[in-house]
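Quick notes on the structure that follows.
The values are calculated or read from the model by the stated rules, or taken from the named source; none is laboratory data. What you see is a predicted model; the values in this text were computed from it and never measured. Neighbour counts are summed over all protein chains in view; Cβ atoms, including those assigned to glycine, are modelled from backbone coordinates with ideal geometry.
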Protein chains: 4
Amino acid sequence: MAFVQDFTWKHGVTVKELVDKYGAIGYQSVELARAKDSIVKMKKASSKIFLTFTSNMVTSGLRGFFAQLIKLGMADVIVTTAGAIEEDIMKAMGERFPIGTFSMDDVELHERGDNRVGNLVITNESYCQLESKLLPMLDKIYSKQKRLTVSELLKEIGLQLEDEHSILYQAARHNVPIFCPGITDGSLGFHLFMYQQKHDDFIIDVVKDFKKIVLCTSHDDTKAVIALGGSISKHHAILACLLNGGARYAVYMTTARATSGSMSGATTNEAKSWGKVQDDSDVATVIGDVTITFPIAMIAALEELQAEGLIDG
Amino acid sequence: MAFVQDFTWKHGVTVKELVDKYGAIGYQSVELARAKDSIVKMKKASSKIFLTFTSNMVTSGLRGFFAQLIKLGMADVIVTTAGAIEEDIMKAMGERFPIGTFSMDDVELHERGDNRVGNLVITNESYCQLESKLLPMLDKIYSKQKRLTVSELLKEIGLQLEDEHSILYQAARHNVPIFCPGITDGSLGFHLFMYQQKHDDFIIDVVKDFKKIVLCTSHDDTKAVIALGGSISKHHAILACLLNGGARYAVYMTTARATSGSMSGATTNEAKSWGKVQDDSDVATVIGDVTITFPIAMIAALEELQAEGLIDG
Amino acid sequence: MAFVQDFTWKHGVTVKELVDKYGAIGYQSVELARAKDSIVKMKKASSKIFLTFTSNMVTSGLRGFFAQLIKLGMADVIVTTAGAIEEDIMKAMGERFPIGTFSMDDVELHERGDNRVGNLVITNESYCQLESKLLPMLDKIYSKQKRLTVSELLKEIGLQLEDEHSILYQAARHNVPIFCPGITDGSLGFHLFMYQQKHDDFIIDVVKDFKKIVLCTSHDDTKAVIALGGSISKHHAILACLLNGGARYAVYMTTARATSGSMSGATTNEAKSWGKVQDDSDVATVIGDVTITFPIAMIAALEELQAEGLIDG
Amino acid sequence: MAFVQDFTWKHGVTVKELVDKYGAIGYQSVELARAKDSIVKMKKASSKIFLTFTSNMVTSGLRGFFAQLIKLGMADVIVTTAGAIEEDIMKAMGERFPIGTFSMDDVELHERGDNRVGNLVITNESYCQLESKLLPMLDKIYSKQKRLTVSELLKEIGLQLEDEHSILYQAARHNVPIFCPGITDGSLGFHLFMYQQKHDDFIIDVVKDFKKIVLCTSHDDTKAVIALGGSISKHHAILACLLNGGARYAVYMTTARATSGSMSGATTNEAKSWGKVQDDSDVATVIGDVTITFPIAMIAALEELQAEGLIDG
């Protein structure tokens, strides 16, 4: 049996050492250490890893980390939302996102064309830049293919980007499909609609993309899910796993709670009732802000995997 | 200036009387009374009302209330998720959803084919029933039209249902469009994929549906949003409003918090920075479980509107 | 087995009728209906009911409801915090508490002597009034007795108040002891300290008050806890029950969560491991803002009890 | 203006380096970096630092860290709850606290004498040990002094302990007063009550202890608060600061939210309206589980302070 250990600081402590101590502190720090263990195990088992996140995380600096994880082979399938795609492209074009506070005056922000996302800001200028760059990309893509799945569209866009911190760039170059089942839910939806106005045979085939996500792994593959935040991206990944026999490993990191029956707050335990994760699977649910919890848990896992020669550093 | 009033019980108190008292209790009860006021005002101003909700609310008994609200003219546009559609259809077929507890044994539930949603259950049998009924419906629809938007698909399904407590049934009969930007994110996605396997020209056109949601109101319309829970359904409705100049009234009811920058937790204030709601709009954010807060606020609004002859009772 | 029922509105619906419907809606509405059931059962079983609340609830209009519940015999023991005592006295003196918003400018408020509690305000003037009235009261009490327990002090104060909406007033007149284990944690603490400066033999005996709360019920009594919010008031009541064999009925209503191991977020299930509530007890935990959830649940319980002649209305 | 930076992992990253990156990620990671800055500044300004925490944190492994912080001169005043005192003493006697899960069976736990605190356990045996050791200590203390303040009692106990990881041990040896305004709210209360049964002149003088906390700093001192979790411990510290002109630095780390008007969830902004923190003070509120957030922020602060020779390592 494990017991609580008194935690003390030593000079120069690394993130890996801290997470090792977390395992004996208590509450969510213990769950975070368990999440690290699950991540290590899923990689050692050569699982197909579904990594899901929401757009606010791509607004944040986690975006570069997601791109790095794809490069390191820590994600085999990405599922995310329309906003995440847009902001990854904006950043790949050099747009920068100011850091503010949660209590900025929203009417003032609106007057100067700043859009608040928590304590971060996206300027109207960034949305204009997106529009100006997206249209020539769509022209190029349409000239090759008129009916595409979302993942095909995103791969084509990724191939046209030049930014190694870009999720789309890395995914396109490492054959990691990016699924985005709600692709129209953003300014991207508006640009696709405008494009279709001029080209009625331009079709985004979401149904065929569902086939792709189902077939991108098989019943025989060991499957794993790392779901950051809730929303359609989390649900879509675990649904794809469910249709192939369920995930063997699952890590959920979120601020949503289980008490209202929402998908976003559903725990890894609830997932067992559905067969979304297998009954004897290795799972962890960590409650907390992903910008804090995910880097810690993943860094510790990466250090451990690197020490065993399972990833390059 | 308004002051806190001591609350006391009187025998036979109605929901309407309670909400009137809420306005002088404090904290979220005050916000709930403000939400009621916003709902009354949006209706009096003949606003186009976007009502959004997530699938867990359709799992719950709120489903019949949503259908009633459509019938009463309290919703001009519906935005929701795939699970909500599926469960509305299941219930219209007579499937029943057991009530359990949050702490049921998930492995046991899985063994007997029960899927947990908080303290509610959906049986595997209900999913089988859905499949058996959906295929003939799709055949009928496909025979008429091969390329449809999601809202067209849902209207066609709604017309084939016979249950006045059904959201799709009422929406189809009252010309209220139902948008579902992530239509493939559920077993519905699986059935559409299987159908497309046999009919490659069967296309769900999500891009054209984005056009429809943008054009279903205009800049000149007064627009209002009642967003229950977060997710893609909330965002999609306020995005559609934003593209037409923003909502004049907005009520958000959710358990998600603003502190992690998520869309689900974003407040009506944050929405002002985007122009999602207008700077001088009438807004309220109520934190709490929607199964408790929404019936109270909406019932009080309905009583008030009925007293003024603005809805039938 | 119970099943989810479609909820629909009917004109003139009472709070009691709504709560009956809640039992078949889902998530927290189901838990709230269970809380109502527990309250009815605890009263029918002639339990000794511990009612606990925090100071912010006395800042709010729930204060008058608590006083009414004491009068109706729905609370046999009160446990609360220093701020609650202070604000009950202020209100009994006629002080009024303005209603504001959560986003008021705190620096501006400070400049004009307004202290924010969420979306409510307590003015510096109210604190001054408290001071001017409290000193003569203490003189009167000290002249009778120099070493008092907290509950004795609060009874003496209650007897000097003239406001039927006052908790202290009703408790003093109905022999309901008010325990406040952290009595010095507020401006009350400051006034007691100033008083003791002049009268060194003035002693508030918290240890003897612990004896009183332990002996105010016995092992043979059926005990029940209604804990609103968390904090020392919740813990103190269930500790007193634990020392007498645990509570048979327990209703927790709070916004705090179980995930961080805090007392405030601890569930009625966790309480079973301690024997704080009995293994086969009738318990309910409702997550949500108490200003919304408590009036609904308690009103429905009162209507039911009144119908059976168990309380006066 | 600061901008979001893409975060990427490098082998061997230290906690200090991670927190530096947090400042440019977003949401709560940015707030955590600000909290670190506030801690560094409060120490550089030679502030009198009030460190407050709740009992669940002493159940956890943070207990040893709190002791170390006292030794390092990072806390001048401690405010906490009765449970924290008890568990510090139990651990100083060698009692060990098992690590479990949040979903353990509470009835089973009760049957074998295990008491759950989130995913940790305190055994009945530990409570028995506490009792057996506490009585001789009280005898020794009573023989010297019959009327004590809480902080005097805790110092006397601390002097009798022999465990450098003990909070009471370090506080007693470094003249750091420990205030516990709700001292009777725990098994400690029961033991004090039993002791007073035999010695009626044994008095715990909480009123005099309030004088001590008010006078342990002055208006002229620069004051700072690090409040972990909410409850009476948080409120008591900021109340003491308020009475001396308010804190210049304040860091709140909690999972409680501001939306219900509770003290536990009150933000550093709300504190400004009260003068609890000064209008131009340096403040940060970090939402998240303290077992994760506090070690990270404090370690980074310690590394920075050590580099400047302001603490020993």
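The number of residues in region B:200-236 being touching a residue at least 40 places away in the same chain (Cβ under 8 Å), within 10 Å of chain A (Cβ to nearest Cβ) and not charged (D, E, K, R) comes to 11.
Which residue is nearest to the other protein chains (Cβ to nearest Cβ), if the candidates are limited to region A:180-199 and must be out of contact with any Pro (no Cβ under 6 Å at 6 or more places or on another chain), touching a residue at least 60 places away in the same chain (Cβ under 8 Å) and assigned to a loop (DSSP other than H, G, I, E, B)?
My answer is A:181.
For region C:205-226, which positions are under 18 Å from residue C:279 (Cα atoms), of a type outside the set (S, T, N, Q) and touching a Ser or Thr at 6+ places or on another chain (Cβ under 9 Å)? I'd like the intermediate steps shown before the answer.
Step one: filter region C:205-226 for residues under 18 Å from residue C:279 (Cα atoms), giving C:219-226.
Pick out the ones that are also of a type outside the set (S, T, N, Q) and you get C:219-221, C:223-226.
Scanning region C:205-226 gives C:221, C:223, C:224, C:225, C:226.
Quickly run through region B:240-257 and pick out the residues that are at the interface with chain A (Cβ under 7 Å from one of its Cβ atoms) and crowded, with 24+ Cβ neighbours inside 10 Å.
The initial filter retains those residues of region B:240-257 that are at the interface with chain A (Cβ under 7 Å from one of its Cβ atoms), namely B:243, B:255-257.
Selection gives B:255, B:256.
Checking each residue in region D:293-309 for being more than 10 Å from chain A (Cβ to nearest Cβ), over 22 Å from the mean Cα position of the chain (by Cα) and either buried (at least 20 other Cβ atoms within 10 Å of the Cβ) or of a type outside the set (D, E, K, R) (or both) picks out only D:309.
In region C:280-309, the residues that are farther than 11 Å from residue B:292 by Cβ and touching a residue at least 40 places away in the same chain (Cβ under 8 Å) form Cβ pairs under 9 Å with partners that are among the charged types (D, E, K, R) and assigned to a strand (DSSP E or B), at six or more places apart or across chains, as follows: C:282/C:248.
The requirement of being over 20 Å from residue A:101 (Cβ atoms), under 17 Å from the mean Cα position of the chain (by Cα) and not charged (D, E, K, R) is fulfilled nowhere in region B:265-279; no residue meets it. The residue that is farthest from the other protein chains (Cβ to nearest Cβ), among those in region A:158-177 that are of a type in the set (Asp, Glu) and more than 15 Å from residue A:72 (Cα to Cα), is A:162.
Restricting A:118, A:113 to those that are on the phi > 0 side of the Ramachandran plot, within 14 Å of another protein chain (Cβ to nearest Cβ) and in contact (Cβ under 8 Å) with a residue 40 or more places away in the chain reduces the list to A:118.
Does region D:268-299 hold any residues that are of a type in the set (Ser, Thr, Tyr) and farther than 15 Å from residue A:21 by Cα, and which are they? Explain how you work it out, then say what you get.
Filtering region D:268-299 for residues of a type in the set (Ser, Thr, Tyr) gives D:268, D:273, D:281, D:285, D:291, D:293.
Residues satisfying the conditions are D:268, D:273, D:281, D:285.
Of the numbered criteria (1) out of contact with any Lys or Arg (no Cβ under 7 Å at 6 or more places or on another chain); (2) modelled with pLDDT of 85 or more; (3) farther than 27 Å from residue D:79 by Cβ; (4) more than 13 Å from chain D (Cβ to nearest Cβ), the one residue C:287 fails is (4).
Scanning region D:209-239 for residues that are surrounded by 24 or more Cβ atoms within 10 Å (Cβ to Cβ) and part of a helix (DSSP H, G or I) turns up D:209, D:210, D:213, D:231, D:232, D:233, D:234, D:235, D:236, D:237, D:238, D:239.
For the condition surrounded by 15 or more Cβ atoms within 10 Å (Cβ to Cβ), closer than 22 Å to residue A:211 by Cα and out of contact with any Lys or Arg (no Cβ under 6 Å at 6 or more places or on another chain), what is the one hit in A:99, A:167, A:178? Explain how you work it out, then say what you get.
Working: A:99 fails: closer than 22 Å to residue A:211 by Cα; A:167 fails: closer than 22 Å to residue A:211 by Cα.
Selected residue: A:178, the only one of A:99, A:167, A:178 that is surrounded by 15 or more Cβ atoms within 10 Å (Cβ to Cβ), closer than 22 Å to residue A:211 by Cα and out of contact with any Lys or Arg (no Cβ under 6 Å at 6 or more places or on another chain).
Of all the criteria given as (1) touching a Ser or Thr at 6+ places or on another chain (Cβ under 9 Å); (2) at positive phi, the one not satisfied by residue D:175 is (1).
Which numbered condition in (1) crowded, with 19+ Cβ neighbours inside 10 Å; (2) outside any helix (DSSP H, G or I); (3) at pLDDT below 95 is the only one that residue C:122 fails? Going through the list (1) crowded, with 19+ Cβ neighbours inside 10 Å; (2) outside any helix (DSSP H, G or I); (3) at pLDDT below 95, residue C:122 breaks only (3). Check region A:59-68 and report whether any residue there is over 26 Å from residue A:40 (Cα atoms), within 14 Å of chain D (Cβ to nearest Cβ) and out of contact with any Lys or Arg (no Cβ under 8 Å at 6 or more places or on another chain). Yes, because at least one residue in region A:59-68 is over 26 Å from residue A:40 (Cα atoms), within 14 Å of chain D (Cβ to nearest Cβ) and out of contact with any Lys or Arg (no Cβ under 8 Å at 6 or more places or on another chain). Scanning region C:262-281 for residues being farther than 15 Å from residue C:50 by Cβ and either part of a strand (DSSP E or B) or modelled with pLDDT of 85 or more (or both) gives a total of 9.
Would you say residue C:204 is buried (at least 21 other Cβ atoms within 10 Å of the Cβ) and either more than 26 Å from residue C:64 (Cα to Cα) or of a type outside the set (S, T, N, Q) (or both)? Give the derivation first.
Values: buried (at least 21 other Cβ atoms within 10 Å of the Cβ): yes; either more than 26 Å from residue C:64 (Cα to Cα) or of a type outside the set (S, T, N, Q) (or both): yes.
Here the answer is yes, as residue C:204 does meet what is asked.
Can you name the residue in region D:5-21 that is within 7 Å of another protein chain (Cβ to nearest Cβ) and free of Cβ contacts under 8 Å to residues at least 12 places away in the same chain and, of all such residues, is farthest from residue A:165 (Cα to Cα)? By that ranking, first place goes to D:12. Can we say residue C:52 is within 28 Å of residue B:69 (Cα to Cα) and not basic (Lys, Arg)? Answer is no for this residue.
Quick check on my filter: what residues within region A:127-151 are assigned to a helix (DSSP H, G or I) and either touching a Lys or Arg at 6+ places or on another chain (Cβ under 6 Å) or touching a residue at least 40 places away in the same chain (Cβ under 8 Å) (or both)? If you could, list the steps in order and put the result at the bottom.
First, pick out the residues of region A:127-151 that are assigned to a helix (DSSP H, G or I): A:127-144, A:150-151.
Those that are assigned to a helix (DSSP H, G or I) and either touching a Lys or Arg at 6+ places or on another chain (Cβ under 6 Å) or touching a residue at least 40 places away in the same chain (Cβ under 8 Å) (or both): A:127, A:130, A:131, A:133, A:134, A:135, A:138, A:142, A:150, A:151.
Could you say whether any residue in region B:185-200 is of a type in the set (Phe, Trp, Tyr), modelled with pLDDT of 95 or more and farther than 21 Å from residue B:135 by Cβ? No, the conditions are met nowhere in region B:185-200. Name, by its number, the condition in (1) in contact with a helix residue (DSSP H, G or I) (Cβ under 8 Å, 6 or more places away or on another chain); (2) more than 25 Å from residue C:283 (Cβ to Cβ) that does not hold for residue C:51. Residue C:51 satisfies all of (1) in contact with a helix residue (DSSP H, G or I) (Cβ under 8 Å, 6 or more places away or on another chain); (2) more than 25 Å from residue C:283 (Cβ to Cβ) except (2).
The set of residues in region A:246-261 that are in a loop (DSSP other than H, G, I, E, B) and either among the hydroxyl-bearing types (Ser, Thr, Tyr) or touching a residue at least 60 places away in the same chain (Cβ under 8 Å) (or both) contains only A:255.
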